[in-house]
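Enquirer: Okay, handing you the structure first.
Every read-out reported here was derived from the displayed coordinates using simple, explicitly stated rules and does not represent laboratory data. The structure presented is a predicted model; accordingly, all values stated were derived computationally and were not measured. Note that each Cβ is placed from the backbone with ideal geometry, even for glycine, and that neighbours are counted across all protein chains shown.
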Amino acid sequence: MTDEFTYTPERALARSVLLTAVNGGINHWARVHGFTVDCPPEQVRAEGLDTVDDRSLWHVDLDDIQRSITKLIEAPEQCAAPDSGIDLDQLHAISESLADARTRQLTDITEIQIIPARHADKIHLIIADHVFQVAVADEVIY
């Protein structure tokens with residue numbers, strides 16, 4: 001992040017999540033067409049195609065990412081349909097990890113502590129993917 005722009009800790013974490021997602025965290029369901037991150041917070045955004053869901057377009061900004069993080073923290077069980085096959089234990093682990101990150105005012109997704117440790121493999125990509133899915137579709141579907 002360039003020093004010329006001021007980000008709150010929450011917006012800096014959201015920016016880090018967005019950057020991690022577009023750089024590989026969402027490759028299994030989305031194609032990124034473009035993103036802007038070296039700019040003032042209100043201009044940070046990403047856009048692309050959902051390659052699984054009939055190629056629908058999506059657009060995400062920092063407000064979307066922050067709302068998604070809040071939803072995952074406050075109501076992880078509402079972030080996936082009960083019959084979706086999504087690992088609810090993993091959703092709760094992501095919820096706890098994001099809550100800890102917000103409490104500690106972390107600004108980089110790579111600083112997130114793994115809670116619990118059994119989800120440690122590629123956790124930063126998994127967290128970014130889940131946050132991004134909730135931002136785009138209001139739930140984790142893939």
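Enquirer: Any idea what the dipole of the stretch 1-83 comes to, in debye rounded to 20, about its Cα centre with Lys/Arg Cβ at +1 and Asp/Glu Cβ at -1? Don't skip to the end; give the middle numbers.
Expert: Details: 7 positive and 15 negative charges, 31 e Å.
So the dipole magnitude of the stretch 1-83 works out to roughly 140 debye.
Enquirer: At residue 100 and residue 49, where each label point lies 7 Å from the Cα along Cα→Cβ, what is the point-to-point distance in nanometres?
Expert: Rounded to a tenth, the inter-label distance reads 3.9 nm.
Enquirer: Then there's this: P(r) of the chain in 5 Å steps, Cα pairs, percent per bin?
Expert: Going out from 0 Å in 5 Å bins, the chain shows 2, 11, 22, 24, 21, 13, 5, 1, 0, 0 percent.
Enquirer: Now for a different question. Return the long-range amide H neighbours of residue 80 (sequence gap of 5 or more, or a different chain), with a cut-off of under 5 Å between placed amide H atoms.
Expert: Residues meeting the criterion, in which the H sits 1.01 Å from N, are 140.
Enquirer: Roughly how big is the chain's charge dipole about its Cα centre, with Cβ charges of +1 (Lys, Arg) and -1 (Asp, Glu), in debye to the nearest 20? Present the calculation step by step, with values, prior to reporting the outcome.
Expert: Values: 11 positive and 25 negative charges, 44 e Å.
Dipole of the chain, to the nearest 20 debye: 200 debye.
Enquirer: Ok, one more. Full extension from residue 89 to residue 8: what is 0.36 nm times the residue separation minus their Cα-Cα distance, to one decimal in nm?
Expert: Gain on extension, residue 89 to residue 8, equals 26.2 nm.
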